[in-house]
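Visitor: Take this structure first; my questions come after.
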Amino acid sequence: MDNGTFLNLNDAYLKYYGLRAEDLIGHTSAELRLPLEPSVRPSLIARVRKEQGPVRNLEMETRLPSGETRTILASLQIVLLDDKEALMLTFIDITERITKEHDIRSAATSLNTAEQVERQRISRILHDDLQQNIFAVKLQLSFLTNMLPEAGGEAIRADLQQLDQWLTEAIATTRQLSIDLSPPILNEEGFMEALLWLASQTKIQYHLDVNVEWREGTQVNLDDEVRGIVLQSVRELLFNIVKHAGAQQARIKIEYTDSDVRIVVSDNGKGFDPKATHTPISHGLKKMRDRLFLVGCSLTIVSEVNQGSRITIEAPKADMMTD
Amino acid sequence: MLSILLVEDHLIFAGVIVRLLNRMGNMQVAAVANTAEGALQKLSDRNFDMVLVDVSLPNMNGINLVSLIHHQYPGLPCLMLSGHAHTHYVHRALTAGARGYILKDSSAGIIDGIQRVLKGEVYVSPELRDQKISG
């Protein structure tokens, strides 16, 4: 155990590395750089000793004699062989699974991105084309109204005013639709400005007070994909509070670690049981968690009935993103 | 006669605004630019008494244009025209140096805004004045 000498191996191990027993037995792990890099071994042994039992499901990398790097899921435990301590390593190769997970994640992220792009496109058409045309019609209508004689044009004036009112309603509808699809601010502005806007919109639309807390002067640096999904999730969480929580107040707090940004959305509403399944809240939060997971984020839910809720999104900072 | 530069990329809306303002009698849209870059070119060619600027423009947006105009032509009032009913844009526009922010919905609001800004006031469409950003 101390010097990493290979004592015994099974056929699967020999086949995996394409070696013969005599290539390994009596040689050390450090000498052969198998199955792991020498630098990793001391910390693993320390961990196994500390656990005082098997250590399971360690995801690690191993290098084949060909030079190819593979990912393995390993278990380690200390056993006695001829009254001497030995380290027993068992593992399965999960390289294909990791690759497929990565492919699925990439595909899902691409779909998400495509959906966001399409929403932005439609939102832009609503604002840049349809709405501008309606503004022009409304102004043109005001010309006609002003051209009516003071006396004798009352009936027409009333009709024109009704048209003006309908156009006002049409403008309000297109504005709201444009915001619902893809608020420009969420795409164009900084992350903090976008959060402040979400808070402001929630107050205006739903009369819920939302306080946003963060350390002054801080810049939140997230990858574009992560940023989009995080903002969408915060928006959804605020809407959930409005719809389900019956809260008077909500709070968005931004916290930082060395590698992550933490966005905590909390309220003083009626809370819920996070373990309950098949409820609208649970379905929605599960989908949110899945979307966030696909871009490397996590979602933690803390809530109790009548105790409010606290939901935390953890997102990796842009320079911390890895494939 | 008040000389106005209109910066608006939506041609139909621009045409209606030109008609609206030219009918007032005491003002005239002397030039229309469809982009921020075009507006800067026109400003270098002649003098204007006021600039009306759409927030959403291709390439450089209207707020950035206002910021540039404010630095290059400090005495020239800029008034933002917008379909965006967000106080966020109002705040950004006024910070950039705009003298007002008017929603495109109302002809009376546009005329009122121009006249008040010419008097030296800062004008924001009434619908946006009562909204505050919390947090």
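The numbers here are math on the coordinates, done by the rules we state, and not lab data. All values reported here derive from a predicted model rather than from experimental measurement. So basically every Cβ, Gly included, is an ideal-geometry build from the backbone, and we count neighbours across all protein chains shown.
Visitor: When both residues are 6+ apart or on different chains and their Cβ atoms are under 9 Å apart, which pairs have a first residue that lies in the range A:226-242 and is in contact (Cβ under 8 Å) with a residue 60 or more places away in the chain and over 19 Å from A:Ser309 (Cβ atoms), and a second that is among the polar types (S, T, N, Q) and part of a helix (DSSP H, G or I)?
Guide: A:Gly228/A:Asn112; A:Gly228/A:Thr113; A:Gly228/A:Gln116; A:Gly228/A:Asn187; A:Ile229/A:Thr109; A:Ile229/A:Asn112; A:Ile229/A:Gln116
Visitor: So, one more: Looking at the range A:118-174 only, could you name the residues that are of a type in the set (Val, Ile, Thr), over 34 Å from the mean Cα position of the chain (by Cα) and either more than 8 Å from every other protein chain (Cβ to nearest Cβ) or outside any helix (DSSP H, G or I) (or both)?
Guide: Answer for the range A:118-174, where residues must be of a type in the set (Val, Ile, Thr), over 34 Å from the mean Cα position of the chain (by Cα) and either more than 8 Å from every other protein chain (Cβ to nearest Cβ) or outside any helix (DSSP H, G or I) (or both): A:Ile134, A:Val137, A:Thr145, A:Ile156.
Visitor: Pairs please, first residue from the range B:106-128 and more than 14 Å from chain A (Cβ to nearest Cβ), second anywhere and in a helix (DSSP H, G or I) and surrounded by 15 or more Cβ atoms within 10 Å (Cβ to Cβ), Cβ atoms under 6 Å, 6+ apart in sequence or on different chains.
Guide: Between residues of the range B:106-128 that are more than 14 Å from chain A (Cβ to nearest Cβ) and residues that are in a helix (DSSP H, G or I) and surrounded by 15 or more Cβ atoms within 10 Å (Cβ to Cβ), the close pairs are B:Tyr123/B:Gly113; B:Tyr123/B:Arg116; B:Tyr123/B:Val117; B:Val124/B:Val90.
Visitor: Would you confirm, using the coordinates I've provided, whether A:Ser233 is hydroxyl-bearing (Ser, Thr, Tyr) and surrounded by 14 or more Cβ atoms within 10 Å (Cβ to Cβ)?
Guide: Here the answer is yes, as A:Ser233 does meet what is asked.
Visitor: Filter the range B:12-36 down to the residues that are polar (S, T, N, Q), within 20 Å of A:Gln140 (Cα to Cα) and within 14 Å of chain A (Cβ to nearest Cβ) and list them by number.
Guide: Within the range B:12-36, B:Asn22 is the sole residue that qualifies.
Visitor: Test B:Ile69 against the criterion of being free of Cβ contacts under 8 Å to residues at least 60 places away in the same chain, under 14 Å from the mean Cα position of the chain (by Cα) and away from chain A (no Cβ under 13 Å), and give yes or no.
Guide: yes
Visitor: Kindly list the number of the only condition in (1) within 14 Å of another protein chain (Cβ to nearest Cβ); (2) surrounded by fewer than 20 Cβ atoms within 10 Å (Cβ to Cβ); (3) of a type outside the set (Lys, Arg) that fails for B:Ile102.
Guide: (2)
Visitor: Among the numbered conditions (1) away from every other protein chain (no Cβ under 14 Å); (2) surrounded by 14 or more Cβ atoms within 10 Å (Cβ to Cβ); (3) closer than 14 Å to A:Leu285 by Cβ, tell me where A:Leu238 comes up short.
Guide: All conditions pass for A:Leu238, except number (1).
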